[in-house]
Amino acid sequence: MTPARGPVPIPGRATGLRRGVAEMRPMTTRQVFRLPHTTPPMRPPEPPRGPSHRDVLRRWEELEWWTCTYCDRDFGPSVVAEVDHVRPLAHGGLHEWGNLVPACRDCNRAKSDSDVVSWLAAHLRWL
């Protein structure tokens, strides 16, 4: 009886794999460019928000300060109340309670981003 043998090796297969892996080493090394690790820049803290226009109008209504600061017209269905900045935001004014006054739409649009003193001087001369 002949002794049992395993599968007959096919020439170049199993032995070829071992030999092939050993021969697959890179001939030259390539340097890979990597970006340096950086942390994202810190955002500056957001400034505290001032009161909303709705809160301002509601507070003036509660205080019964319901006339235009500039022309003294009472607000009602025909006269629309708006929030005006005494010192305009464009000139460094802040959106806080001390810089806000009620104004009618006509006065607020006419004043625009003018300084209140110069606007009143021109407005009173104009009337």
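Multiply the residue separation of residue 105 and residue 58 by 0.36 nm, subtract the distance between their alpha-carbon atoms, and state the gained length in nm to one decimal.
In short, 15.2 nm is gained.
Would you work out the relative contact order for the range 45-127, in percent, from Cα pairs under 8 angstrom that are 6 or more residues apart?
Relative contact order comes out at 28 percent.
Name the shape class, rounded, prolate or oblate, that the alpha-carbon gyration tensor gives for the range 70-127, where a ≥ b ≥ c are the square roots of its eigenvalues, rounded holds for a/c under 1.5, and otherwise prolate holds if a/b is larger than b/c and oblate otherwise.
oblate
May I ask you to give the percent of accessible area on the range 36-127 that is carbon plus sulfur, with a probe radius of 1.4 Å?
On the range 36-127, the fraction of accessible area on carbon and sulfur atoms equals 56 percent.
The values are calculated or read from the model by the stated rules, or taken from the named source; none is laboratory data. This is a predicted model, so every value here is computed, not measured. The area values use the complete protein model at the heavy-atom level, side chains included, leaving out ligands, DNA and RNA. Shrake-Rupley method; radii C 1.70, N 1.55, O 1.52, S 1.80 Å.
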